[in-house]
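Here's the structure, in structure tokens; my notes come after.
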Amino acid sequence: MSKYHLRPARTVSTMSDILIEADNFERDNHELPTRYRMMFKDPPGADIGMMGLTNIHFQHGPTAMVGRNGVSEESLIAILIDRLESHQKGFYSCDENNRALLGLHEAWTALRDRTKDRESRGVEGFEKR
């Protein structure tokens, strides 16, 4: 029997014409979201039948045990950093983007520090603390 149990999708966020839901797997008595669906009205304001859909699949399980099967948090943050840095070089440059970049850089650094610590202890890629 698998350690992971699929649980019903839950709403993560709603923003005007965008709905974000997460599929959760229960693991060791806590939820572990591995796939997010972002549904959006296209064009904005369209009726519910005009929905677009984007899926984000996160890594599910340790890479050394199951291989790569999804995006990591670090990769997704790197994409957001790149996009906001591009905005800052053009028309969309603003103080709010700069503040967001500072937070994203801090988050990315914290996650990389965690990975380096796990690598130094020989537990990276495994279900070990």
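The values are calculated or read from the model by the stated rules, or taken from the named source; none is laboratory data. Computed from a predicted model, the values in this text were never measured in an experiment. Heads up, the Cβs are rebuilt from the backbone with ideal geometry, glycines too, and the neighbour counts pull from every protein chain shown.
Here are the numbers for the structure shown:
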| item | result |
| --- | --- |
| Subset of the range 65-78 [exposed (fewer than 11 other Cβ atoms within 10 Å of the Cβ) and either in contact with a strand residue (DSSP E or B) (Cβ under 9 Å, 6 or more places away or on another chain) or among the charged types (D, E, K, R) (or both)] | 68 |
| Flag if residue 81 is within 15 Å of the chain's Cα centre (by Cα), surrounded by 14 or more Cβ atoms within 10 Å (Cβ to Cβ) and at pLDDT 90 or above | yes |
| Residue match in the range 34-52 (condition: of a type in the set (Val, Ile, Thr), at pLDDT 70 or above and in a strand (DSSP E or B)) | yes |
| Hits in the range 50-91 (condition: of a type in the set (Asp, Glu) and over 23 Å from residue 22 (Cβ atoms)) | 82, 85 |
